[in-house]
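Reviewing the structure listed below.
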Amino acid sequence: MTPLRRPRLWRRCALAVAAAALPAAIATAAVAPPAGASVPPPPDGWSLVWSDDFDGSAGALPSSSNWIIDTGHGYPGGPGNWGTGEIQRYTADPSNVSLDGSGNLRITPVKSSSGEWTSARIETQRTNFKPADGRVLRIEGRVQMPNVTGNQALGYWPAFWALGSPYRGNYQNWPAIGEFDIMENVNGINSVWGVLHCGVNPGGACNETNGLGASRACPGSSCQSAMHTYRFEWDRSVSPNQLRWYVDGQQFHSVSQNQLDATTWSNMTGHAGYFLLLNVAMGGAFPNGVAGQGTPTGDTVSGRPMVVDYVAVWQSG
């Protein structure tokens, strides 16, 4: 989910339908650990760079040492409605963003009696997540999308993503500085989208405003009914460098350095690194385009949270 993201073309409708139709036979047999599980230990040969396990008392805000809570309808001086057409107002109210006391963060869209939607969006204080030369950076989150489907889900747009550090304080340099959409979903469809945004808008090496993306159904249980692990890897240990997207350890998308021109790649990777974001938007170009109508609608229900067990960043070597 981009704060800078412009409305996308709706070839994604076909992606959504195809993803929803993937057979259950691709599902893994592994039993998912419960919500509130601890951050996994680093794999052999990896070290932990940063993490948040969202431990704390019920109703508490996420750690201010780790997170900035965005508020309003856009960054000061940035595009309105966060550049995406989303309609909600982001707040720091615990009804929209808080720990649940069981080791999870909940981001909950709420519709008021006056009809206003509020929700939450947080971004890491750190802006320098980047692999060292010859290493691999792994960004991972264990997330349950809002548990709502069908007409009641129209307009829900949960996301776990990363933005290039030069965007903070500029807000006009997207998509050149890069965006990695690790997990996106709209309208309660059983699908995860992984997307790269880069280059120029419109068009360019990343086919903006669509980006270079792929989607698939969640393995086993639906994306909405259970926790799944969403992972992005930036691999500087191979030439050409690679970007890879996974759900529950199954790769479903990749972009290679040699797919992009040298200037585009350098603008996207040559800065200090990335910051991470978690949010649930309501309405906007992506859910509207997939639904074929404006969202949310009168059928859309309030109060279905995205639940985040942990976010962690590891590096190889």
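At-a-glance table
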| quantity | calculated |
| --- | --- |
| Per-bin percent of Cα-Cα distances, region 46-143 [10 Å] | 14, 37, 33, 14, 2, 0 |
| Only Lys, Arg (+1) and Asp, Glu (-1) charged, at Cβ; region 203-317 dipole about Cα centre in debye | 100 debye |
| Farthest positive-ward along the chain dipole, Cα basis, beta-carbon charges - from LEU278, SER316, GLY150 | GLY150 |
| Neighbour-count ranking [beta-carbon atoms within 10 angstrom, fewest first] of PHE286, PHE252 | PHE252, PHE286 |
| Within the chain: Cβ-based charge dipole about Cα centre, in debye rounded to nearest 20 (Lys, Arg +1; Asp, Glu -1) | 440 debye |
| Selected from THR91, PRO202, GLN242, residue furthest toward positive end of dipole (the chain; charges at beta carbon) | PRO202 |
| Bins of 10 Å from zero: percent of alpha-carbon pairs in region 35-92 | 17, 31, 29, 21, 2 |
| With eigenvalues of the C-alpha gyration tensor scaled by 5 and rooted, region 237-317, Å | 33, 19, 13 |
| Equivalent ellipsoid, region 151-233 (semi-axes from 5 times Cα gyration tensor eigenvalues, Å) | 26, 13, 13 |
| Likely footprinting exposure, LYS130, LYS111, fewest C-beta neighbours within 10 Å first | LYS111, LYS130 |
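Quick note: the coordinates plus some simple rules give every number you see, no bench work behind them. Everything quoted here is computed from the prediction, not taken from an experiment. Note that we place each Cβ from the backbone using ideal geometry, even for glycine, and neighbour counts take in every protein chain shown.
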